[in-house]
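Comments concern the structure below.
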Amino acid sequence: MPELPEVENVRRSLIPHLVGHTIRSASLLRPDICTTDSGHPPSPASLLCDATIDRIERKGKQLAVIATDGRVLSIHLGMTGQVLARATPPDPSEKHVHALWTTSTNPSNPSFILFKDPRRFGGLWTFPSIASLHALRWSLLGPDALDAPPDAWSAALRRGHRPIKAALLDQTSVAGVGNIYADEALFRTGIRPTTSTHRLTIAAATALAANVQALLAQAVEAGGSTLRDYRNADGVAGTQQLERHVYGRSSRTCLRCGSPLQTAQVGQRTTVWCPKCQPARTIRSDSVKH
DNA sequence: AGGATAGCCTGCGGGC
DNA sequence: TGCCCGCAGGCTATCC
C-alpha cells in the first residue's frame with residue numbers, strides 16, 4: 001500500500017522514463033478511473049498525448065506529470081495503484097491495466113508506461129494547466145509532510161476537536177500521512193492516538209511533526225517500505241522493510257517494553273498502540289529520537 | 001462548518 | 001479443497 005515514501009520513490013523512478021520524453025500515444029482502458037477538470041470524457045490530448053514531459057511533482061500522496069506546454073496529468077495510487085515502465089506492451093490477459101502510454105524519443109524503440117490498480121481506489125486527474133491543478137486539487141491539501149518544515153504544520157495538528165490520529169490522517173492538515181506512519185510516529189513520540197487535539201501541547205505537536213517527517217524521510221531512503229504489492233516504476237520492491245513498532249502488530253507485544261499492544265478503531269482506521277509507552281495522560285514531548 | 005459516516009473495490013488469509 | 005467472510009484503507013460524497 002503506497003504511502004508518501006512509496007509515492008516519492010515512484011516519482012523518482014519515473015523520471016528517467018518520462019522527463020524529456022514525448023508521449024506518442026495514450027489510451028484509457030477504464031475510462032471511469034479518470035476525472036477531467038471539465039467533466040467531459042478525457043481526450044488523448046488531456047492524457048498528455050503528443051506532450052513532452054518537463055517534470056514530475058508530488059504533493060502528499062499525489063503525483064503530477066507536467067508537460068512543457070503546461071498540461072498536467074495527476075496520478076493517485078490509492079491503495080494498490082502502480083505505475084510501471086516496460087520495454088514491451090502488456091499482455092492482453094494482464095488484469096487491471098487501466099491506462100497505457102507509449103513514450104519514446106525513438107519511435108523504433110518505444111517504451112510503455114502502465115497504470116495498474118486492482119482495487120481502483122487510485123485514478124487519473126487531468127488539468128489543462130498547473131494553475132488548474134493547484135486551484136482544483138492541491139490547494140485543498142495541507143503542506144507536504146516530507147518537504148515542508150514541521151513548524152509549518154505542527155499547529156494544524158492541534159486544530160479542531162478530534163483524536164490526534166484523525167488530525168494526522170486529515171490531508172488538509174498535512175499532506176501525505178497514512179495509517180502506517182501515523183501509528184508509528186505516535187508511538188515514537190509517546191502519544192496515545194486517542195488523545196484529543198485540544199489537549200495536545202504545542203511541544204508535543206512539534207515533537208510529533210518532527211517524528212512524522214523523520215520517519216517519512218527514513219522510509220524514502222529505504223526505497224519505500226514493501227507492503228503487499230508496492231513496486232516502483234521499474235517493478236522493484238522497497239529494499240528493506242523498516243522496523244514497525246505498532247502498525248500491523250495487533251495482538252502482539254511492544255518491542256520496547258513487552259506490554260500487550262492495544263487495538264481499536266480511531267478516526268475510522270485500525271489503530272495500534274502500546275498502553276505503557278503511549279500513556280493516556282502524560283504526553284512525553286521529550287521523546288524525539290534521531 | 002466541521003466532524004462523522006458510508007461507499008467504493010479486489011485480493012488474501014483464516015476458519016470451517 | 002473450497003467456500004465464505006472479514007479486513008485492508010485513500011479519498012469523495014453525503015449527512016448531521
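Values quoted throughout were computed directly from the atomic coordinates according to the rules given, and no laboratory measurement underlies them. Model, not experiment: these values are computed from the prediction. Counting neighbours? That spans all protein chains shown, and the Cβs are built from the backbone with ideal geometry, glycine included.
Which residue fluctuates the most in chain A, going by a Gaussian network model with Cα springs under 10 Å, if the choices are A:Ala280, A:Ala51, A:Ala204? Of the options given, A:Ala280 has the highest mean-square fluctuation.
When each of the peptides A:157-166, A:19-28 is scored by how many other beta carbons lie within 10 Å of its residues on average, the order from highest to lowest is A:157-166, A:19-28.
When the Cα atoms of chain A are aligned to their principal axes, the ranges along those axes come out at 63, 36, 31 Å in descending order.
Considering only A:Ile33, A:Ile66, A:Ile191, the mean-square fluctuation computed in a Gaussian network model of chain A, springs between alpha carbons under 10 angstrom, is largest for A:Ile33.
Computed from Cα positions, the angle between helix A:202-221 and the longest principal axis of chain A comes to roughly 40 degrees.
When chain A is treated as a GNM with alpha-carbon contacts under 10 Å, the residue of A:Gly224, A:Gly267, A:Gly81 showing the greatest mean-square fluctuation is A:Gly267.
Between amide H atoms placed 1.01 Å from N, distances below 5 Å from A:Ala99 occur with A:Leu29, A:Phe115, all of them 5 or more places distant or on a separate chain.
Quick check: the distance between the Cα centres of the stretch A:1-77 and the stretch A:191-210, to the nearest angstrom? About 36 Å separates the Cα centre of the stretch A:1-77 from the one of the stretch A:191-210. Sequentially through the stretch A:155-169, phi angles give Karplus couplings (6.51, -1.76, 1.60; θ = phi - 60°) of 5, 5, 5, 9, 6, x, 10, 6, x, 4, 4, 5, 5, 5, 7 Hz, Gly and Pro residues having no value and appearing as x. Placing pseudo-labels 7 Å out from each Cα toward the beta carbon at A:Thr88 and A:Asp69 gives an inter-label distance of 3.4 nm. Angle between the Cα long axis of helix A:4-18 and the longest principal axis of chain A, 0 to 90 degrees, nearest 10? Approximately 20 degrees, to the nearest ten.
What is the count of Lys pairs in chain A whose alpha carbons sit under 18 Å apart, if the two are 8 or more places apart or on different chains?
The result is 5.
The alpha carbon gyration tensor of the stretch A:4-140 gives principal lengths a ≥ b ≥ c with a/c below 1.5, which makes the shape rounded.
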